[in-house]
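Trainee: There's a structure below that I have some questions on.
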Amino acid sequence: MRPRVCVGQLTGAVGTQAALGEKGIEIQEEMMKFLKISSVDVSNQIIQRDRYAEYFCFLANVATTLDKIGVEIRSLQRTEIGEVEEAFGARQVGSSTMPHKRNPIKSEQVCGLARIIRSSVEPAFQNNTLWDERDLTNSSPERILFPEATILADHILKNMISVLEGLNLKEDRIKENLSMLHGINMAESIMIELTKKGMGRQEAHEIIREKSMEALETKEPLSALLSRTPEVTGIIPAQEIEKLLSPGSYIGTSVRQVEKVTGKLRSLYL
């Protein structure tokens with residue numbers, strides 16, 4: 001994006017280079033070489049603002065990605081979930097009136113400031129529409145948009161890096177939450193195994209659905225209910241049912257996917 005956004009011009013009051021004479025294009029190219037940026041192919045009095053609209057859209061996309069991460073962290077830090085927690089200093093205060101509070105303040109700040117960055121997109125697009133060769137309606141908003149959106153994007157990026165580096169994962173709480181539904185969150189693994197071993201998919205789906213509803217009502221583990229279901233145990237032994245209902249055994253290619261993405265990003269940016 002940098003080659004498209006970081007460009008310059010030396011074209012005069014209306015873009016004709018009339019005052020520079022026949023060597024106007026060459027003079028512009030030499031000037032831009034000196035400045036170490038590219039020359040625009042054509043312009044009027046100003047460079048067209050679609051380049052900068054792209055830049056603000058990029059910042060908005062970055063901010064939105066950080067916003068998504070921040071929302072997830074805030075949600076997972078809620079008391080009733082409690083699976084992650086932002087780092088919290090020994091003398092840090094979470095609330096002026098509630099001494100017990102440990103709020104995800106950095107993630108909250110990221111989410112809040114992302115809204116400001118996204119708000120720069122609309123005026124950036126409106127700056128494309130100028131009267132005749134130009135007017136000054138783009139100038140005043142750009143004096144705010146460029147520094148504000150850029151500095152805020154840099155700030156929330158650094159903030160989120162800090163959050164992720166210090167993030168505390170509550171593994172015991174994660175396991176506790178996974179077991180909250182008595183195993184029915186892993187019901188698909190049993191259904192898939194039954195179909196692999198010859199049972200019709202709809203039949204397998206109905207059996208597992210009925211037993212899952214029973215587990216919810218009785219709060220009895222799904223594994224115990226399935227172990228007493230002849231249609232299931234005739235195909236899958238009881239000990240294998242326990243294994244299939246273990247969350248750690250049903251993560252698919254998750255690890256490989258993460259390694260693939262992080263490997264790609266490292267090759268690009270590190």
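The values are calculated or read from the model by the stated rules, or taken from the named source; none is laboratory data. Being a predicted model, the structure only gives us computed values, none of them experimental. Using ideal geometry, Cβ is built from the backbone for each residue, glycine included, and neighbour counts are taken over all protein chains shown.
Trainee: Of a type in the set (A, V, I, L, M) and at pLDDT below 95: which single residue out of L181, L164, L145, L157 fits that description?
Mentor: Result: L181 is the single residue among L181, L164, L145, L157 that is of a type in the set (A, V, I, L, M) and at pLDDT below 95.
Trainee: Turning to a different aspect of this structure: Going through E259, E231, E242 one at a time, which residue ends up being among the acidic types (D, E) and at pLDDT below 95?
Mentor: Answer to the selection: E242.
Trainee: Which of the following residues is in the same structural domain as R74 (by TED's automatic domain parsing), more than 21 Å from C57 (Cβ to Cβ) and not charged (D, E, K, R): L164, L145?
Mentor: L164
Trainee: What pairs come up if the first residue lies in region 1-24 and is over 14 Å from D41 (Cβ atoms) and in contact (Cβ under 8 Å) with a residue 40 or more places away in the chain, the second is surrounded by 13 or more Cβ atoms within 10 Å (Cβ to Cβ) and of a type in the set (K, R), and their beta carbons are under 8 Å apart, counting only those six or more places apart or on different chains?
Mentor: Close Cβ pairs (under 8 Å, with a partner that is surrounded by 13 or more Cβ atoms within 10 Å (Cβ to Cβ) and of a type in the set (K, R)) amount to V5/R51.
Trainee: Cβ-Cβ distance below 7 Å, separation of 6 or more or different chains: which pairs start in region 177-201 with a residue that is under 20 Å from E231 (Cβ atoms) and end on one that is of a type in the set (S, T, Y) and part of a helix (DSSP H, G or I)?
Mentor: That search, which allows pairs on different chains as well, returns G183/S223; I184/S212; A187/S212; R201/T195.
Trainee: Checking K101 against (1) at pLDDT below 90; (2) farther than 30 Å from N168 by Cα: exactly one of these is not met. Which one?
Mentor: (2)
Trainee: Being at positive phi and not small (G, A, S) is the filter; apply it to region 181-230 and report the residue that is farthest from the chain's Cα centre (by Cα).
Mentor: K219
Trainee: Given the structure, is K158 assigned by TED's automatic domain parsing to the domain that holds C111, of a type in the set (K, R), surrounded by fewer than 16 Cβ atoms within 10 Å (Cβ to Cβ) and more than 19 Å from P221 (Cα to Cα)?
Mentor: yes
Trainee: I would also like to ask the following. Quickly run through region 7-30 and pick out the residues that are in contact with a strand residue (DSSP E or B) (Cβ under 9 Å, 6 or more places away or on another chain), among the hydrophobic types (A, V, I, L, M, F, W, C) and part of a loop (DSSP other than H, G, I, E, B).
Mentor: L10
Trainee: Can I ask one more? Among the residues of region 242-250, is any within 27 Å of R173 (Cα to Cα) and either out of contact with any helix residue (DSSP H, G or I) (no Cβ under 8 Å at 6 or more places or on another chain) or basic (K, R) (or both)?
Mentor: yes
Trainee: When you go through (1) modelled with pLDDT of 95 or more; (2) surrounded by 15 or more Cβ atoms within 10 Å (Cβ to Cβ) one by one for I81, which number turns out not to apply?
Mentor: Among (1) modelled with pLDDT of 95 or more; (2) surrounded by 15 or more Cβ atoms within 10 Å (Cβ to Cβ), I81 violates only (2).
Trainee: Cβ contacts < 9 Å: first residue in the same structural domain as L145 (by TED's automatic domain parsing), restricted to region 111-126; second residue assigned to a loop (DSSP other than H, G, I, E, B) and among the β-branched types (V, I, T), any location; separation 6+ or different chain. Result?
Mentor: These pairs meet every condition: Q126/T137.
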